[in-house]
Amino acid sequence: MTSSHLSDATLRSLAEKVSIPGYDRRKIAPGIVHLGVGAFHRAHQAAYVDDCLAAGETDWGIVGVSLRSADTRDALAPQDGLYTLAIRSSGKEELRVIGSIGSLLVAPEDPSAVLAALTDPRTRIVTLTITEKAYLRAAGGGLDAAHADIAHDLANPHLPKTAHGFLTEALARRRAADTSPFTVLCCDNLPANGATLHRLLTEFAALRDAALGLRGDTGIAGHIANEVAFPSSMVDRIVPATTDTDRARIADELGIADAWPVMTEPFRQWVIEDNFPGGRPAWEKFGVTMVGDVAPFEDMKLRLLNGAHSGIAYLGLLSGHATVDRAFADPAIRQFVDALWAEAIPTLPEDAGLDTKTYTEELAERFSNTALAHRTAQIANDGSQKLPQRIIASALECLEAGTEFVHLTLVVAAWIAACAARGKTLPENHFTDPLDVPLTALLSQELPANETVTAVFDLAGFSRDHAERQTLIELVAVHLVHLRRDGPTLAFAALGI
Ligand code: CS2
């Protein structure tokens, strides 16, 4: 047991062992409010901002906000927001203490404090990593206006729960106070993430205006639609969940306790559309790519990295592999992923200068990182929210182009089979999904494969209204028949693997 813990007071004592913030944290002003201060944010954006602060850009400290649980604040507040980032590759670990998060708030405990941070004129950027499901999208892509949390936020505009409620109330207050709006930077794995959030927030604001009896200029929807910037961004860094073994190892290395260190890989990438009317850190000096259009990068990442990740996760789970590196070392899965990439690559724009060969070579190396122990069950969460942009978009584009494909659809079938395996060959809550209640009820009926896939597509809104929907369903069902009969072995054999 170590007697003291990481904090501003103990930081200097670590200087010889690990890299620590080389700047005076008391001189940092908050310029960014981040919603969703989980492990991904702390391994990615907070590390880039730490670099900016170290280079003297002292106006861009981060206020970290959790929209749900108090866990992160409880762990990090006693540590003055400090935590260790462990950058791990097979056989090597580099520790770095990150100092960019100056304070932490928990929205359900104190929504007013969150609104105060969002309306602070020093806040010029609001960033988000709240996960796909927290955007509350309906099957057609617009806002799920029937969601209970949306109803709550419309009825209680001053005490919101959702990101939509907080952002809209804060933007309304800023406008009333003549403070310029902040830029909203979405950092979640959604397609066209900035434009998607812009649409959702405008829809939410229109409902809110209507509920408050406001119209036109008195309402906030027009302001959000026309005067707030929503650049899109592509974020990338693999961040497995921290385990107690990691905590113990880091404490040993530091000689003091860190309640929540974050594990990650050496690779990191951030591509951002350069549209920040209120200013931004000079991110480009620290390896961030600032571009006019992020779409090609975003599609490449979602379809090649995340698409393969979902395939590895579901087929890995069905084949008994607990981590990505072990699943990827399985020759059948490895061959499957190569074939999946070969199907997805032609759906990417040819004229955007993407180097898919180098990209997939790097991905193969990243997926093989044995030091990460990235759990397949972690990636398996929320498949209904992830598969549309990772797999279904590519499959529909192949169908439209008349290109043959057989591997993309196996990922969807494997998701359905893995969901059905919970409580049987997999532990009951091995992974979760927002659709779990209706999905589990549906899968327990064990309907014929075609009916099952049709019902799942209806439930999840996959390829809704698309002309090729029926073809896609049939292609998924063929794989599901194989998976049901004899697991991945037969499904792979049918693909010649
Ligand atoms: C993963 C991602 O959990 C998942 O669904 O595919 O979190 C992935 O690790 C990141 O997007 C990598 O940047």
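Structure values in brief
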quantity	calculated
FRET E, pair Glu227, Lys133, Förster distance 30 Å, beta-carbon r, rounded to 0.05	0.60
Ala241-His152 FRET efficiency (beta carbon distance; Förster radius 30 Å; 0.05 resolution)	0.55
For the chain, projected area of the alpha-carbon convex hull averaged over all directions, nm²	23.3
5 angstrom amide H check on Val97, placed H, neighbours 5+ away	Ser19, Ile20, Leu85
Karplus 3J(HN,Hα) series, Hz, for the range 313-329 with 6.51 cos²θ - 1.76 cosθ + 1.60 (x for Gly, Pro)	5, 6, 5, x, 4, 5, 9, x, 9, 8, 10, 4, 5, 5, 4, 6, 7
Separation of the Thr358 and Ala116 label points, Cα + 7 Å toward Cβ, nm	4.8
Highest-first arrangement of 348-356, 251-259, where packing means the average Cβ count within 10 Å	251-259, 348-356
Rg in Å to one decimal, and Dmax rounded to a whole Å, for the range 8-291 via C-alpha atoms	19.0, 62
Average accessible area per residue (Å²) across the range 296-494 - probe 1.4 Å, nucleic acids and ligands excluded	41
List Glu57, Glu227, ordered by accessible area with a 1.4 Å probe, largest first	Glu227, Glu57
At R0 = 45 Å, FRET efficiency that the Cβ-Cβ distance of Glu428 and Asp293 yields, to 0.05	0.55
Residues whose placed amide H lies under 5 Å from that of Met290, excluding near-sequence neighbours	Ile272
Rounded percent of accessible protein surface that carbon and sulfur make up, the range 445-493, 1.4 Å probe	50
Portion, in percent, of the accessible area of the range 8-291 that falls on carbon or sulfur, probe 1.4 Å	51
Ratio Rg/Rh [Cα only; Rh per Kirkwood] for the range 296-494	0.94
The chain: relative contact order as a whole-number percent, Cα under 8 Å and 6+ apart	14
For the range 345-460, the fraction of alpha-carbon pairs in successive 10 Å shells from zero, as %	11, 35, 33, 18, 3
MRE, 222 nm, helices only [DSSP H, n ≥ 4, -39500 (n - 2.57), over the chain, to nearest 500]	-13000 deg cm²/dmol
Difference of contour (0.36 nm per residue) and Cα-Cα distance, Lys285 to Asn450	54.2 nm
Gain on full stretching of the segment that runs from Gln378 to Glu16 - 0.36 nm per residue minus C-alpha separation	126.9 nm
Gap separating the Cα centres of the range 72-129 and the range 439-494, nearest whole Å	41
Of Lys285/Lys357; Lys161/Lys301; Lys92/Lys424, pairs whose Cα-Cα distance is over 32 Å	Lys92/Lys424
5 angstrom amide H check on Ile238, placed H, neighbours 5+ away	Glu265
Antiparallel %, DSSP beta bridges [both residues in the range 8-291], to 5	30
Estimated dipole of the chain in Debye, rounded to 20 [Cβ of Lys and Arg +1, of Asp and Glu -1, Cα centre]	800
Probe 1.4 Å, accessible area per residue of the range 8-291, Å²	38
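The values are calculated or read from the model by the stated rules, or taken from the named source; none is laboratory data. This structure is a prediction, so every number in the text was calculated from the model and none was measured. We place every Cβ from the backbone using ideal geometry, glycine too, and count neighbours over all the protein chains shown. Protein only, heavy atoms only, side chains kept; ligands, DNA and RNA dropped before computing areas. Shrake-Rupley method; radii C 1.70, N 1.55, O 1.52, S 1.80 Å.
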